[in-house]
Structures are given as C-alpha cells and as structure tokens.
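What follows is calculated from the coordinates using simple rules that are stated; it is not laboratory data. Keep in mind it's a predicted model, so treat the numbers as computed, not measured. A quick note on method: Cβ atoms are made from the backbone with ideal geometry, for glycine too, and the neighbour counts reach across all protein chains shown.
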Amino acid sequence: MWFQMVSMVLDVVAGLVAGTCLLRFLMQWQRISFHQPLGRFVFAMTDWLIMPLRKVIPAWTNWDLSSWVGAWLVKLVQFLLLWLIAGGSGSLAWLPLFSLVGLAQMVVSALSALVLVLAIMSWVNPGSPMYALTVRLCDPFLRPFQRWVPLIGGIDLSPLALLLLLQMLGMLLAGLQMGWMR
C-alpha cells in the first residue's frame, strides 16, 4: 500500500515537471508567446532544470532539445526512486529505457488530454484566447489527419482519428513495458 501511495505521488510530481518541460518544447516549437499566464507558469516550473541543461545541450534548428532531455531526466529520477523503494531488485541498466517508454506514455496521455480539451472548447467557448492557444498547440498533430479525414456534415472528425491512434499507441507502449517487466 505504501509503495502505491509513493508511486502515485512520484507519478504526479514527475508528470507535472516533465509535462511542463514538454509543453515548453511545444510552445517554443510553435513560437507561442511566453508573455501570458501559461507561459509564465511553464518558465517558473522548468527554468531550474532547463537553463543548466541548455549550457550543455544546444538547440537543434527550432527544437529545444534541453526540454526533452529535462523531461526524460525527471522520468529517470522517478523510476530510479521507485526502483530504490522497491528494494533495488532487477537490473539498473533497464531504467533509462523504462524511463524513455514512460516519457513516451506521458506524451501520448498529454496529447490525448490536449486534443480532448480542444474538442470540448470548440463546442463550449471557441472564441476564447485559451481555445486559440489550444488550437496552436494541437495543430501540428491534427494537420496530417485533417488532410485525410473529410468533414462530415461540417464536423471535423480529425481529433477523433488522432485520439484513436494515440489510444492504440498507448496500448502498444503499455504492452511493451509489461513485456519487459516479465
């Protein structure tokens, strides 16, 4: 029971920090201004980790690789702490790979949540500034689906197609991780 509680707390904390690192990457990639409440929150949550990493890891074109590495390091620390709490059984060499799969699972979950928020906001309040921000964050992922999924009765079903793909990817990643644990 204690392990489950500690695991949940670590998952929430690591998810929050790693998720904001990934959001920072996405906002910089999409050239979204950080001079708004969400941007200030992202900087406050990640500067302590990303700024030292930037001294060692240069940006690659428009991609801030230090944000990705920071998110991965947070997940690595989470899995290391869980490994230590569980008694340190098993090989420590698998932790970087487990944390990479954990990061991929988090990306899939976060993107799924973002697409759901976009769909709901498009029905409830499509004129809000938060809706415009969500559209810009989701656009690079939805654009390929919008080319292939036609509008049906004026309704864009591309978010549904993306969610379906993300769910299948999440199942694949979970199965991969479970297979490694056996």
* Computed FRET efficiency, Cβ-Cβ of residue 63 and residue 165, R0 22 Å: what is it to the nearest 0.05? -> 0.50
* Asked: What full-extension length gain, to one decimal in nm, is calculated for residue 139 and residue 97 as 0.36 nm per residue of separation minus the Cα-Cα distance?
  -> 12.2 nm
* Identify which of the listed values of volume of the Cα convex hull per residue in Å³ was calculated from the structure shown: (i) 226; (ii) 152; (iii) 109. => (ii)
* Which of the DSSP-defined H helices in the chain satisfy a minimum axial length of 27 Å, computed from C-alpha atoms, and a minimum mean Kyte-Doolittle hydropathy of 0.5? -> 2-29, 65-85, 95-124, 158-181
* Structure fact -> Length gained if residue 151 through residue 109 is fully extended, taking 0.36 nm per residue and subtracting the Cα-Cα distance, is 12.6 nm
* **Percentage relative contact order, the chain, counting C-alpha pairs under 8 Å, at least six apart** => 20
* Show me 61-68, 118-125 ranked by packing, highest mean number of other Cβ atoms within 10 Å first. => 61-68, 118-125
* With each pseudo-label sitting 7 Å past Cα toward Cβ, what's the residue 81-residue 2 distance in nm, one decimal? -> 1.6
* Structure fact -> Ranking 160, 4, 14 by how far each Cα lies towards the positive end of the charge dipole of the chain (+1 on Lys and Arg Cβ, -1 on Asp and Glu Cβ), the top one is 14
